[in-house]
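*Asks:* Sharing a structure below in C-alpha cells format, with a few things to ask.
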Amino acid sequence: MGHFPSSFPTPPSPHTELIPTPPTPTSPLPSSPSSPHHLPHPHPSFSHHTPAPAFSAAYCLGSELGRGGFGFVHSATRISDGCEVACKFIVKTKVPPEGWAVDKELGRVPMEVFLLKN
C-alpha cells in the first residue's frame, strides 16, 4: 500500500497523483510480467495521471474495466504471483472535502478507500 500525504487536496498539476485502492483478486492469470503489457501506464486513463512507482513495480496494468466520478478501475496482474486483480484509482482532486475519513494506519484517505479497507 502506498503512502498517503496528510494534506488534501493537492494543488493541480499536469499529472494528478492517484490513490490506488487495495487490489481485489479475481483469478490467476497465466501470463508473463515481461509481456508487452508490462508498462507503467499503457492506457488512455493514465494520460494525465501517474501511478506511484511502487505500484508500477508491483503490477502490470491491463484493460480499463470502468470509471466513475472520482476515478477508474483497471485489470492488472500482480507481478509477484501472476494473480489477476482489479485496481481502483481515485483522483484526489475530484474527492470533495466531506469525502475523506481518517484511518488509524493510513491517515486521511478518501472515504471509499477507508470503506474498502475496513
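*Asks:* Using the basic label-point model (7 angstrom from Cα toward the beta carbon), what is the residue 106 to residue 83 distance in nanometres?
*Replies:* My value for the distance between the label points is 1.7 nm.
*Asks:* Continuing with this model, one more query. Calculate I(q)/I(0) for region 55-107 by the Debye formula, one identical point scatterer on each C-alpha and no solvent, and give its log10 at q = 0.13, 0.15, 0.21 Å⁻¹ to two decimals.
*Replies:* Once normalised to I(0) and log-transformed, intensities are -0.43, -0.55, -0.87.
*Asks:* Still on this model: Taking the alpha-carbon distance from residue 117 and a cut-off under 16 Å, which lysines remain once sequence neighbours fewer than 8 residues away in the same chain are dropped?
*Replies:* 88, 104
Values in this text are rule-based calculations from the coordinates and carry no lab data. Quick caveat: nothing in here was measured; it's all calculated off a predicted structure. Positions of Cβ are generated from backbone atoms using ideal geometry, with glycine treated the same way; all protein chains shown enter the neighbour counts.
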